[in-house]
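Remarks on the structure that follows.
None of the figures in this text is laboratory data; all of them are computed from the coordinates on show. Model, not experiment: these values are computed from the prediction. Cβ placement follows ideal geometry from the backbone for every residue including glycine, while neighbour counts extend to all protein chains displayed.
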Amino acid sequence: MAVQAQATEHINAYTIALQQYDRAVAYLDLPAGIKNFLRYPKRELTVNFPVRMDNGDINIFTGYRVHHNTVLGPSKGGIRYAPQVDLDEVRALAMWMTWKCALVNLPYGGAKGGVICDPLDMSQSELERLTRRYATEISLFISPHGDIPAPDMGTNAQTMAWIMDTYSMTVGYSVPAIVTGKPLNVGGSQGRTEATGRGVVICMDEALRRSGRSRTSEIRMAIQGFGNVGMYAAKHAYDLGYKVIAVSDVTGGYLNEHGLDVDDVMAYTATSHHHQLAGYKNAQRISNAELLALDCDVLAPCALENQITIENAADVKAFLIVEGANGPTTPEADDILTAKGIEVVPDVLANAGGVTVSYFEWVQGLQSFFWDVEEVNRQLRRVLIRAYDDVIRTRDQFEVDMRTAAQITAIKRVGDATFTRGIYP
Ligand code: NAD
């Protein structure tokens, strides 16, 4: 965990989100007041709350929930448990959620939440008490038609089950649609756990197809992060026959030039300490910095923000970057990558598979009518490829990089909807 803090301490994610916004919005002919409105979070909640620890101590935790924008519908966004969470990070992630939902045409605005804590240092019962208390504290902000949380770094389906139960106990009846990313036995959707990683690979495959490249084991992939996103991206790519040569997590990188057996790596982390890669034998140890600079074809950063920066962008050797994480590339790094001719499928497109299947889960929950996994995956692919097409059309129209194109497409949709709704009162 110390590594995470070190990697991000000098770069403010919200500053970066605003820089990206300013870059994109400059291409749009929207009223200045609307452009200005979209820069601001709509509302922000900070909560400080006590949790009884297993040793009897009472610790105070700080958490946040930010709604960036709700013009297109209820706000949607994950909840992050990590030591480096702060209000600016949550603001940035909430803003990116607004653009992501608009880009894939979901009837949602953007939100995000977070609690400053180290989940790896807490027991399950401490995490349950923290989650139930945080859920109660932010119950002012969340509801099945107002703001619907989901998992993010450090949280998972179990966390969502606790939030769903806590909210349901308060209102007196079960409300599965209060969260998405729930376990299947309490109203989760088939395919949700794998959806973000699957979406990363759908986008990679589409980028390779469009550039006329081979889509076989000749393509060598390196993946940073082996959590929900990175692990399922690795699994899906491996199952399609791509060669995953390296993966990493907070404990470091693991390389096998001949290709990792991803099923074997997953079997290892299923029972390892904290489900981490440390101690995995069938690979050579490398650092996370080395992984980002590996001689490979596709690099998929799937861990956290600010990983490809002005410091290391010139070292990237992959010809394609597919961003599973939110905000892994800084604007200065973007410029260096563009100058090197490296294509970047940006976060708001590449990792939108998660929120897309979250939307399917919410719809299924509201209708109490559930789909099979084939239907979920078919609809997921349809939504992502349509968004990919939209981004390429905008890229060609404005002659910009894919990130700017994705943000132009999304900001235009939210801006136009704001204009159509009018300014209240
Ligand atoms: P997770 O907590 O399941 O996994 C995070 C992984 O990153 C772990 O393997 C962790 O060890 C690793 N990691 C942490 N710090 C690292 C470092 N310094 N170097 C290398 N690896 C490091 O989280 P997740 O849900 O997989 O989320 C990862 C990223 O994807 C985040 O940016 C998140 O916002 C984004 N995202 C997640 C979802 C989702 O559905 N879970 C959807 C869209 C985007």
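Side notes on the structure shown:
- Shape call, the stretch 306-425: gyration tensor on alpha carbons, a/c limit 1.5: oblate
- In this simple spin-label model, placing a label point 7 Å from the Cα along the Cα-to-Cβ direction at both residue 213 and residue 274 gives a separation of 3.3 nm.
- The GluC sites (Glu not before Pro) found in the stretch 215-291 that occupy coil by DSSP, while having at most 14 further C-beta atoms within 10 Å, are 218, 257.
- Eigenvalues of the alpha-carbon gyration tensor of the stretch 41-175, scaled by 5 and square-rooted, set the equivalent ellipsoid semi-axes at 25, 16, 12 angstrom, largest first.
- Only alpha carbons enter this Debye calculation for the stretch 1-114, each as an equal point scatterer, and the log10 of I(q)/I(0) it gives at q = 0.12, 0.21 Å⁻¹ is -0.49, -1.17.
- Prolate/oblate/rounded label for the stretch 238-386 (Cα gyration tensor, a/c 1.5): oblate
- Base-10 log of normalised Debye intensity for the stretch 100-140 (one unit scatterer per alpha-carbon) at q = 0.19, 0.20, 0.34, 0.35 Å⁻¹: -0.70, -0.72, -1.17, -1.20
- Relative protection proxy for 152-165, 294-307, 112-125, from highest mean packing down: 294-307, 152-165, 112-125 (other beta-carbon atoms within 10 angstrom).
- Its DSSP H runs of at least 4 residues, each contributing -39,500 (n - 2.57), put the calculated 222 nm mean residue ellipticity of the chain at -14500 deg cm²/dmol, to the nearest 500.
- Inter-part distance where the stretch 182-255 and the stretch 374-399 are each reduced to a Cα centre, Å: 18
- The chymotrypsin sites (Phe, Trp or Tyr not before Pro) of the stretch 323-411 that meet both conditions, a loop assignment by DSSP and at most 12 other Cβ atoms within 10 Å of the site Cβ, are 369.
- Three-way shape label, the stretch 144-236, alpha-carbon gyration tensor, a/c 1.5: prolate
- Remark: the chain is approximated by an ellipsoid whose semi-axes, taken from the C-alpha gyration tensor as √(5λ), come to 30, 27, 21 Å, largest first.
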